[in-house]
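First comes the structure, then the notes that go with it.
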Amino acid sequence: MGERAMKQQRPLTITNGRLALPSGIVAGGIRLVDGLIEAVGEVEAGPDDERVDAKGQLIAPGLVDLGVFAIDKPAFHFGGITRAALMPDQSPPLDYPARVGHIAKSGKPDLWVHPLAAATRGLEGRELAEIALMKQGGARGIATGRRWIADSGVMLKLLQYAAMLDLVVVSHAEDGGLTGEAVATAGEMATRLGLPGAPAEAEALAVARDIALAELAGARLHLRQVTTRAGLDLVRAAKARGLQVTAGVTPAHFMLSDLATADFRTFARLSPPLRCEADRQAVIAAIGDGTIDVVASGHDPRGPEEKRLPFADAAEGMAGAETLLAMVLTVVRDGVIDMVRAFDLMAAAPARLLGVSAGALEQGLEADIALIDPEKPWIVDSRMMEASAGNTPFDGQGVQGRVTGLWKGGVAIG
């Protein structure tokens, strides 16, 4: 069986495309043999090759979605995602080696699921889980889950273990003592709506503590969502000091401010909550200057039974897999980043953090390839989504950029 259950039968050559290479966008093609990338650029198809004419479309690496809460293959395939790192917040949580091993084998062959081990037993933030055994079972990182580990002693021990095992620690950086039961960011908007709000500083306090402990432990720390100027300034400073700190964000926090909560649409109930416009601009600037390393979907489909509730009671989260690519392409069109950086954010950087041989169009890497028409217009429609639930804050929005072909290990999907 192994990792390639669905083996590529014939070599595949895709020609006449524009390659999204780490060095730039280059005209050319790609040849895929035995599930791996054999050649990139000026490629020659062999006599038995299957051939695809890209017709000038973008040939890009399959996206690597870092930190999803549910495995939703149709939605991932629609969005060009060939690998997803699954958060440990499952029922039961991924805090046990056998569960991690089961998840690591679950999505193949058309999607690889990389489990993130629960940092603590039951994700309760108190006792460390069996991290070394979960790494053996296939865990590609350790995550604190939807919550922050409040106990600094536990967090330091976790980071020291992770450093020994060379696993990245994925932290949810919001000080729970400050956020409590809040559902919004404290400020004019929350006050006007009468929603319980937490100060945006809850993020910066958590980020500062986590960075300090990661420095002490010499560990790799990935702050899954940094959404405020203060938090991003701390990450910027940590990177300048040479620490192994990376930051992520989901599109909601660069596309929307807390004004989106104005009509109490529970699809705008997110964790962390939406921020003020100045923080949204700070996130865009941080994507532009490299402070943010990863943009992920945070895919968390929630059905009507969890969303059609008063804002404060509704489940947080959005179904983000289908809109990830299109939302990142808006930042490319706005001139904030170039296309190369877009695929670093969505594929190469997450692959590096997880330690998987994918995420870029390079010889020898896994043949996870997306064919993309970056101009193709479509309208996000929550009723038509492939996701198991269409809870998107982008409902009705016109976007551009669609996946037109997808290959996992050289085998066509769908």
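Please treat every number below as a calculation from the coordinates, not as lab data. Everything numeric in this text was worked out from a predicted model, so none of it was measured. Don't worry about glycine lacking a Cβ; one is built from the backbone with ideal geometry, like all the others, and counts go over all protein chains shown.
Worth pointing out:
- Rough spin-label spacing in nm, given labels placed 7 Å along Cα→Cβ, for Glu44 and Arg126: 6.7
- Of Glu322, Glu362, the sequence from fewest to most neighbouring Cβ atoms within 10 angstrom is Glu362, Glu322.
- Distance (nanometres) between label positions extended 7 Å along Cα→Cβ at Asp233 and Thr404: 4.6
- Antiparallel bridges, percent of DSSP beta bridges restricted to the chain (to nearest 5): 50
- Above 15 Å, the calculated P(r) of the stretch 202-255 contains 40 percent of its Cα-Cα pairs.
- Solvent-free Debye scattering, log10 I(q)/I(0), computed from the Cα coordinates of the chain at q = 0.08 Å⁻¹: -0.40
- Each peptide in 86-97, 48-59 was scored by the mean count of other Cβ atoms within 10 Å over its residues; highest first, the order is 86-97, 48-59.
- Proximity of backbone amide H atoms, modeled 1.01 Å from N, is registered between His114 and Ala84, Ala85, Leu86 at under 5 Å, excluding neighbours fewer than 5 places apart on the same chain.
- Global geometry of the stretch 1-81, whether rounded, prolate or oblate, following the gyration tensor of its Cα atoms and the 1.5 cut on a/c: oblate
- Footprinting exposure proxy for Thr15, Thr323 (fewest neighbouring C-beta atoms within 10 Å first): Thr15, Thr323
- Over the chain: helical MRE at 222 nm, DSSP H runs n ≥ 4 each giving -39500 (n - 2.57), nearest 500: -7500 deg cm²/dmol
- Nonlocal amide H pairs with Gln57, under 5 Å, H built at 1.01 Å: Arg18
- Extension gain, Leu133 back to Glu181 (0.36 nm per residue minus Cα-Cα distance, nm): 13.9 nm
- Tail weight of P(r) past 20 Å, computed on alpha-carbon pairs of the stretch 69-164, percent: 35
- Antiparallel bridges, percent of DSSP beta bridges restricted to the stretch 6-154 (to nearest 5): 45
- Annotation: lysines with alpha-carbon distance below 30 angstrom to Lys408 (same-chain offsets under eight excluded): Lys7, Lys55, Lys73, Lys105, Lys108, Lys135, Lys376.
- The charge dipole of the stretch 1-108, taken about the Cα centre with unit charges on the Cβ atoms of Lys, Arg (+1) and Asp, Glu (-1), comes to about 200 debye, rounded to the nearest 20.
- Across the stretch 136-247, the mean sequence separation of Cα contacts (distance under 8 Å, 6 or more residues apart), normalised by length, yields a relative contact order of 27 percent.
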